[in-house]
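Have a look at the structure below before the remarks.
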Amino acid sequence: MNTYDQLYIDGQWVSPAKGGTFETIDPSDESVIARVAAATAEDIDAAVKAARHAFDEGSWPRLSGAERAAVLRRIAQGIRDRQDELARLEVRDNGKPLPEALWDIGDTAGCFDFYAGLAEKLDGNQEQEIELADERFNSVARKEPVGVAGAIIPWNFPMLMASWKVAPALAAGCTVVLKPSELTPLTALELARIADEAGLPAGVLNVVPGLGPDAGAPLAEHPGIDKLAFTGSVPTGSRIMQAAARDIKNISLELGGKSPFVIFADSDIAAAVEWILFGIFWNQGEVCSATSRVLVQRELYEPLLKRLAEEAQKITIGNGLEEGVLLGPLVNRTQYDKVLQAIARGREEGAQLVCGGDRPAGLHKGFYLQPTVFADVPEDSWIWNEEIFGPVVCVRPFDSEDEAVRAANASRFGLGAAVMSRVLERCERVARKFRAGIVWINCSQPTFTEAPWGGYKQSGIGRELGEWGLNNYLETKQITRYDSDQPWGWYIK
Ligand code: NAI
Ligand code: MG
């Protein structure tokens, strides 16, 4: 196995200035996988300076889109060439089942390919003429890279989240300092190796694992950063925003959620249950957009709960590398304890535990939890309102469409929302009433690199993916030319 005790700064593998390391563990058995280089403020400063130099003096922002695209496509190919190995590494570091990790790594490569395509499209479309009312002037709007981007990412989709930030940033012509989560830093370091082999110039991508306060905070505060892109919890997002406020850094934030799923009584019960399972048990429910609040129309409520509990209990739990496993361990002890506490709290608050809630029988080590379903969850309870970030779904009945929409929107979050009914007009109508950035009809969670991703309200600011993701890393410059034969004639007549 590769070693991970060095940082990738300015195209070199270097030991951290203070020589520190931290352990990353395999959550299936709590064993240590690797000792990882721990960046501190000095290393962050070196990484930002390298990225700054690569942006201000280097070739990368000055290449054509097609030239940058060629490198991005080689990165995509590098990821694909090692897809199986990377997926297995992701399983060990994060816990997720292998088929899900393979899906993630495939999407990661796809994200680099997609932004290669957008980089090519920038050529010839970088400048757009603007129709001015005053015909004495000509104006163009020109897109330019925003500069040095700092990317701070979470542990739930480690390599995929790296690609959602690094690929559009590189496509735009930005340079990047990437700080992966200290819980899952390994595939980000592999991405550095792949980018290096793909011929990405030195300093264009720097990868600096480390702890939040020691490495994330100095990155967020560094005056050499032009743009900060963050995915993670609301409290950390708020801290990042405050750090960015001092220098008026451009920010985009993708934060938590408590996404509703409204299911009307005419829905096919098997389809409804399938999408509920996919919406909350994929990735152990450690998904920002997980549909964790399910609202079911009264007539379907009892039969649906019965079927949901039956199907949830059939899910094979175990080490993500084992054949047939569909639910792996949670990412670490802290997250495990947090979810167990949420379950205890739900019981105290009077929600009815329909199934799960405990460590599965026979799995004595590792952070395993049964798929958990709560019904009749009080609307003012903690578990109905707060992000649990685990395999725990809360279900409530509703009677009318208006009631369902009101309950769905009664949240400080607004990331995802889903609706199911055979009546498509109703789905389309409800979809437009949701106050959320991502709305699914007759499904929940499928995610597409081409489509905008991000939240309303406290779920974030800005949109990733698609052309919106590229725009995150572009400034817009107005260039206006005085084009008249007549003198301006204000002071000098
Ligand atoms: P977090 O938001 O604290 O961590 C995300 C990233 O921010 C990591 O790379 C971390 O090192 C970094 N970070 C932490 N403190 C920082 C600081 N002061 N300045 C700059 N960067 C900092 O999330 P954490 O602690 O891993 O998980 C806590 C909870 O957050 C979870 O239980 C879950 O509810 C939520 N979460 C939400 C995610 C989402 O996708 N919306 C992803 C991960 C966690
Ligand atoms: Mg780990």
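Across the chain, the convex hull enclosing all Cα atoms gives 167 Å³ per residue.
Of the accessible area of the chain, with the probe set at 1.4 angstrom, what percent is carbon plus sulfur?
50 percent
Here is the size of segment 260-441 from its Cα atoms: Rg then Dmax, 15.7, 49 Å.
Given segment 213-329, report the % of alpha carbon pairs whose separation exceeds 25 Å. Tail of P(r) above 25 Å: 47 percent of Cα pairs. Shown here for segment 174-247: trypsin sites (Lys or Arg not before Pro) in loop regions (DSSP other than H, G, I, E, B) with at most 15 other Cβ atoms within 10 Å, of which there are none. Of all aspartates and glutamates in the structure, the ones whose alpha carbon falls short of 14 Å from that of LYS258, not counting any fewer than 8 places away in one chain, are GLU286, GLU379, ASP380, GLU386, GLU387.
Computed over protein heavy atoms with a 1.4 Å probe, the accessible surface of the chain works out to 41 Å² per residue.
What do you get for GluC sites (Glu not before Pro) in segment 69-170 restricted to DSSP loop and a cutoff of at most 14 other Cβ within 10 Å of the site's Cβ? Qualifying residues, ordered by number: GLU131, GLU135.
The mean sequence distance of close C-alpha pairs (under 8 Å, at least 6 residues apart), as a share of the length of segment 290-423, puts its relative contact order at 29 percent. Using the rule -39500 (n - 2.57) for each DSSP H run of four or more residues, divided by the residues of the chain, the 222 nm mean residue ellipticity is -12000 deg cm²/dmol. Relative to the longest principal axis of the Cα atoms of the chain, the long axis of helix 333-348 makes an angle of roughly 50 degrees. Computed from Cα atoms, the angle from the helix 158-172 axis to the main principal axis of the chain rounds to 20 degrees. Between the helical axis of 269-281 and the longest alpha-carbon principal axis of the chain there is an angle of about 60 degrees.
Provide the percentage of antiparallel DSSP beta bridges, counting only those with both residues in the chain; round to the nearest 5. Antiparallel bridges: around 45 percent, rounded to the nearest 5.
Restriction of the trypsin sites (Lys or Arg not before Pro) in segment 298-392 to DSSP coil positions whose beta-carbon has at most 14 other beta-carbons within 10 angstrom yields LYS365.
Figure note: TRP453, TRP382 ranked by solvent-accessible area, largest first, 1.4 Å probe, ligands and nucleic acids not counted: TRP382, TRP453. Spatial offset of segment 419-466 relative to segment 261-318 amounts to 18 Å, using the alpha carbon center of each. Accessible area of ASP113 (1.4 Å probe, protein heavy atoms only, ligands and nucleic acids ignored): about 40 Å². Taking 7 Å steps out from each Cα toward its Cβ at TRP488 and ARG193 produces label points 5.9 nm apart.
The values are calculated or read from the model by the stated rules, or taken from the named source; none is laboratory data. Model, not experiment: these values are computed from the prediction. Cβ coordinates were reconstructed from backbone atoms using ideal geometry, including for glycine residues, and neighbour counts include every protein chain displayed. What goes into the accessible areas is simple: the full protein's heavy atoms, side chains included, and nothing from ligands, DNA or RNA. Shrake-Rupley method; radii C 1.70, N 1.55, O 1.52, S 1.80 Å.
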